[in-house]
Amino acid sequence: MNKYEETVKYIEEKIGDIKPKIAIVLGSGLGILAEEITEKIVIPYKEIPNFPVSTVVGHAGELIIGKLEGKTILAMNGRAHYYEGYDLKEATFPIRVFKLLGIEELILTNAAGGVNTEYKPGDFMIIKDHLSFFAESVLRGPNDDEFGPRFPDMSEVYKKDKIEQLEEIIQKHTGRAKVGVYAYMKGPTYETPAEIRALRTLGADAVGMSTVPEAVVANHCGLNVVAVSCITNMAAGILNQKLSHEEVNETANRVKVIFKEIIKEYISL
Ligand code: HPA
């Protein structure tokens, strides 16, 4: 049995005949949504064979299967990142497990820095596309044909109809919905001001250290991806102040209730 099958079998034994179609990855400080899930089965990552365990403060490390807004969902409360020392295949391992479990739609969330100077901390930006050519591809290496093609198309990783639906909801809740391009950086350093100026020139609106590897793997295996960034800080060099994980967590904490309402409404559609 390969690693994927081993993990799928373990999870299926825990959840029985529950068949979630939607999976959501909860990023930094956004774990509050997990509290709203009812009838839940909680499986700590460290108990799941082959699952990467997040070491970041603010990432709980639990897989939760249960009900939200009447829908059966699967939530990852916290994720593993490349900068923690995992390689990209390990960090994105759960995505293919989700595919094998029958998930059809993947909602990715993260905390990100605002590169677009019109953004403000606390804004929500739906990711319409990404930049990641500074990082190696998560799909480097022998292709697993059972998941998808060697050379996957990337022209609509983030599904347009989903972007529109989410934009409408965010606009209703905040009056400031943003739709933009996310630049993936490997971390764990925040970027330099020069890097941020370069990213802006290249067309980035936000920058962060997650999400893109998961979106690439999900797109490869045919999951519908929708992704949203909570802009927790202005990126390096925009304001005359240093960046810190505390600021990221503080902003995420400040907007977590509205974030939760947005996601709930989106899931209810
Ligand atoms: N840069 C990279 N990752 C981030 C940032 C940032 O400014 N804010 C939150 N995650």
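The values are calculated or read from the model by the stated rules, or taken from the named source; none is laboratory data. Everything quoted here is computed from the prediction, not taken from an experiment. Cβ atoms come from the backbone with ideal geometry, glycine included; neighbour counts cover every protein chain shown. Note: accessible area is taken over every heavy atom of the protein model, side chains too, but ligands, DNA and RNA are not part of it. Shrake-Rupley method; radii C 1.70, N 1.55, O 1.52, S 1.80 Å.
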Next on the checklist: Of all residues being assigned to a strand (DSSP E or B) and crowded, with 16+ Cβ neighbours inside 10 Å in segment 43-65, which is farthest from the chain's Cα centre (by Cα)? Just the residue, please.
Outcome noted: Ile43
Item to check | Residues of segment 202-213 that turn out to be in a loop (DSSP other than H, G, I, E, B), touching a His at 6+ places or on another chain (Cβ under 7 Å) and either away from the ligand (no atom under 16 Å from the Cβ) or under 18 Å from Val179 (Cα atoms) (or both), as a count | outcome: 1
Checklist entry - Among the candidates Lys120, Lys99, which residue alone is more than 16 Å from the ligand (Cβ to nearest atom) and of a type in the set (D, E, K, R)? => result Lys99
Item to check | Extreme residue, farthest from the chain's Cα centre (by Cα), among residues of segment 198-208 that are open to solvent by 30 Å² or more (accessible area, probe 1.4 Å), of a type outside the set (A, V, I, L, M, F, W, C) and on the phi < 0 side of the Ramachandran plot | outcome: Thr201
Next on the checklist: If the requirement is being at pLDDT 95 or above, more than 9 Å from the ligand (Cβ to nearest atom) and on the phi < 0 side of the Ramachandran plot, which of these qualifies: Glu191, Glu195, Glu250, Glu246?
Outcome noted: Glu195
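In the set Lys260, Lys186, Lys264, which member is surrounded by fewer than 16 Cβ atoms within 10 Å (Cβ to Cβ), more than 13 Å from the ligand (Cβ to nearest atom) and more than 15 Å from Tyr119 (Cβ to Cβ)?
Lys264
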Checklist entry - Considering segment 95-109 alone, what residues qualify as being in contact with a strand residue (DSSP E or B) (Cβ under 6 Å, 6 or more places away or on another chain) and surrounded by 20 or more Cβ atoms within 10 Å (Cβ to Cβ)? => result Phe98, Ile103, Leu106, Ile107, Leu108, Thr109
Next on the checklist: Testing Tyr86 on (1) at pLDDT below 95; (2) touching a Leu at 6+ places or on another chain (Cβ under 8 Å); (3) over 22 Å from Glu261 (Cβ atoms), one condition comes back false. Which one is that?
Outcome noted: (2)
Checklist entry - With respect to the numbered conditions (1) more than 16 Å from the ligand (Cβ to nearest atom); (2) closer than 16 Å to Gly27 by Cβ, which one is the sole condition not fulfilled by Lys67? => result (2)
Item to check | Single match in Asn240, Asn249, Asn219, Asn224 (criterion: open to solvent by 10 Å² or more (accessible area, probe 1.4 Å) and touching an Asp or Glu at 6+ places or on another chain (Cβ under 6 Å)) | outcome: Asn224
Next on the checklist: hydrophobic (A, V, I, L, M, F, W, C), within 16 Å of the ligand (Cβ to nearest atom) and either touching a residue at least 24 places away in the same chain (Cβ under 8 Å) or open to solvent by 20 Å² or more (accessible area, probe 1.4 Å) (or both): is that true of Met125 in this structure?
Outcome noted: yes
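Between Val228, Val216, which is away from the ligand (no atom under 15 Å from the Cβ), outside any loop (DSSP other than H, G, I, E, B) and at pLDDT 95 or above?
Answer to the check: Val216.
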Checklist entry - Which residue out of Ala135, Ala112 is in contact (Cβ under 8 Å) with a residue 12 or more places away in the chain and open to solvent by less than 10 Å² (accessible area, probe 1.4 Å)? => result Ala112
Checklist entry - Between residues in segment 159-181 that are within 19 Å of Gly203 (Cα to Cα) and residues that are assigned to a loop (DSSP other than H, G, I, E, B) and among the acidic types (Asp, Glu), which pairs lie under 6 Å by C-beta distance while being six or more apart or on different chains? => result Lys178/Asp123; Gly180/Asp205; Val181/Asp205
Checklist entry - Given the conditions (1) buried (at least 23 other Cβ atoms within 10 Å of the Cβ); (2) within 22 Å of Lys256 (Cβ to Cβ), and given that Ala177 satisfies all but one, which numbered condition is not satisfied? => result (1)
